[in-house]
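Data block below; observations after.
The values are calculated or read from the model by the stated rules, or taken from the named source; none is laboratory data. Not measured: the values here are computed from a predicted model. When we count neighbours, we look across all protein chains shown, and the Cβ atoms used for this are built from the backbone with ideal geometry, even at glycine. Each accessible area value is taken on the protein alone, full model and side chains, heavy atoms only, with ligands, DNA and RNA left out. Shrake-Rupley method; radii C 1.70, N 1.55, O 1.52, S 1.80 Å.
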Amino acid sequence: VSGPKVESSLETVAWVGDATTGHLRLIDQTLLPGQFVQVDCRDVPATWEAIKSLRVRGAPAIGIAAAFGTLLGGQAGLNLGIEGVRAAVKAAGSYLRTSRPTAVNLFWALDRMERVAESETTTDPVVFLERLLAEAQAISDEDKAMCRSIGRFGAPLIQPGQGVLTHCNAGGLATADYGTALAVIFSAFENGTKLRVFADETRPLLQGARLTAWELQRRGIPVTLICDNMAAQVMKERKIDLVVVGADRIAANGDAANKIGTYGVALLAKAHGIPFYVAAPSSTFDLTIEDGSAIPIEQRDPREITHSFGRATAPEGVDVYNPAFDVTPAELIAGIITERGIIRPVNTETVAEMLGIPRPAVKDYRLV
Ligand code: MRU
């Protein structure tokens, strides 16, 4: 049975034009769902600002934006000859690395760009930038393919009539297209599986309310928005059969960092006997770190809590703590849905096995 026809892809992050004069185009996610506006980034600081301020956000999407962003750096050095362009690309990469610390996809994508920049032997700056554009485009295309594959592997986890809880936004807006956690839901729905999604609003910046609810609605998928603090009650009422979330960085043992609040959802799922799944491409794994304790947690501006969306919601001068991510320990994760298959159970051995890295090699890799 084929499911309802759904809305086509979003152009979350794309390159417009050729390598030497083109630019980056993004959906400005800070304006959704009220306004759908695309913004153009024509230099590295604009790209950095777009990532920092969450105009583009979600682990794979920021990696792709940064990869394209290095080209903007290279363009500015075009009249400096091949070594000048190479240096400008490298400097752009170094700067973009400082935009956000948690999502490893950012560093993974910039590492790929840097490897190409370092190894490219052409002496023609134009050819050099064309080669970099091809690599950034490949990162984006591969992400699209990985998301589709995650959807295919994850879809059978959802049984007809089930309720699925998700947190934050791991949809098309967080990737090149189609998403990770939402790919599982989209794919099940497209296969004709009747389901209902419960979307946590995701304090303080409401990615669940503003972005996930919007993405599901535009595809005609039944979605019910809840405040984060309602999840326990909704689980107790047996409305949730499965939880699926994305990830920003997964350690070698399967501990997974995701949007703040995810760890709490995982604990609640455990308490109610509900399977908790993480969906993520291989670009989200960081096998250089043994467990989640080494994942850097981004600390964000207190005003995101005291002045949510412009209005004062706390007394002036109050102390605020605003970590943007938390780490869910592997033992709370029923499985990690990757583009290669589902890692289940989740531990160092099964992660290494799925990613094609034998256990001893994980140790070797950490030493590099
Ligand atoms: O701060 P954000 O909005 O970039 O946080 C995003 C998330 O936590 C997503 O769940 C994660 O990046 C997975 S994206 C497929």
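Determine, yes or no, whether Asn229 is outside any loop (DSSP other than H, G, I, E, B), under 16 Å from Gln207 (Cβ atoms) and either open to solvent by 40 Å² or more (accessible area, probe 1.4 Å) or not acidic (Asp, Glu) (or both).
Spelling it out, it is not the case that Asn229 is outside any loop (DSSP other than H, G, I, E, B), under 16 Å from Gln207 (Cβ atoms) and either open to solvent by 40 Å² or more (accessible area, probe 1.4 Å) or not acidic (Asp, Glu) (or both).
Can you tell me how many residues within the stretch 10-45 are at pLDDT below 95, away from the ligand (no atom under 15 Å from the Cβ) and crowded, with 16+ Cβ neighbours inside 10 Å?
Of the residues in that region, 0 qualify.
Condition first: assigned to a loop (DSSP other than H, G, I, E, B), more than 16 Å from the ligand (Cβ to nearest atom), within 24 Å of the chain's Cα centre (by Cα) and under 27 Å from Thr338 (Cβ atoms). Can you find one or more residues in the stretch 151-158 that meet it?
Looking for residues that are assigned to a loop (DSSP other than H, G, I, E, B), more than 16 Å from the ligand (Cβ to nearest atom), within 24 Å of the chain's Cα centre (by Cα) and under 27 Å from Thr338 (Cβ atoms), one finds at least one in the stretch 151-158, hence yes.
Could we say that Phe285 is touching a residue at least 60 places away in the same chain (Cβ under 8 Å), open to solvent by less than 50 Å² (accessible area, probe 1.4 Å) and under 25 Å from Leu211 (Cα atoms) here?
For Phe285, the condition - touching a residue at least 60 places away in the same chain (Cβ under 8 Å), open to solvent by less than 50 Å² (accessible area, probe 1.4 Å) and under 25 Å from Leu211 (Cα atoms) - is met.
Kindly check whether there is at least one residue in the stretch 46-53 that is within 16 Å of the ligand (Cβ to nearest atom), closer than 29 Å to Leu78 by Cα, outside any helix (DSSP H, G or I) and at pLDDT 95 or above.
Yes, the conditions are met somewhere in the stretch 46-53.
Determine the pairs where a residue that is touching a residue at least 40 places away in the same chain (Cβ under 8 Å), located within the stretch 22-43, has a partner that is part of a strand (DSSP E or B) and of a type in the set (Asp, Glu) with Cβ atoms under 8 Å apart, the partner being 6 or more residues away or on another chain.
Cβ pairs passing all conditions: His23/Asp40; Leu24/Asp40.
The rows are residues; the columns are (1) within 12 Å of the ligand (Cβ to nearest atom); (2) modelled with pLDDT under 95; (3) of a type in the set (Val, Ile, Thr).
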site	(1), (2), (3)
Leu173	yes, no, no
Pro204	yes, no, no
Gly220	no, no, no
Ile226	no, no, yes
Lys236	no, no, no
Asp241	no, no, no
Asn253	no, no, no
Ala256	yes, no, no
Gly261	yes, no, no
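Run down Arg100, Arg42, Arg55 and say which single residue is of a type in the set (D, E, K, R) and either in contact with a Gly (Cβ under 9 Å, 6 or more places away or on another chain) or within 30 Å of Glu190 (Cβ to Cβ) (or both).
The unique qualifying residue is Arg55.
Can you confirm whether the stretch 194-203 contains a residue that is in a helix (DSSP H, G or I) and either under 22 Å from the mean Cα position of the chain (by Cα) or of a type in the set (Lys, Arg) (or both)?
Checked the stretch 194-203: no residue is in a helix (DSSP H, G or I) and either under 22 Å from the mean Cα position of the chain (by Cα) or of a type in the set (Lys, Arg) (or both).
Do we find a residue being in a loop (DSSP other than H, G, I, E, B), β-branched (Val, Ile, Thr), surrounded by fewer than 21 Cβ atoms within 10 Å (Cβ to Cβ) and more than 14 Å from the ligand (Cβ to nearest atom) anywhere in the stretch 77-97?
no
Which one of these is within 26 Å of the chain's Cα centre (by Cα) and surrounded by 24 or more Cβ atoms within 10 Å (Cβ to Cβ): Phe68, Phe107?
Just one listed residue meets the conditions, Phe68.
Identify the single condition in (1) surrounded by fewer than 18 Cβ atoms within 10 Å (Cβ to Cβ); (2) touching a residue at least 60 places away in the same chain (Cβ under 8 Å) that Glu316 does not satisfy, given that it satisfies every other one.
Condition (2) is where Glu316 drops out.
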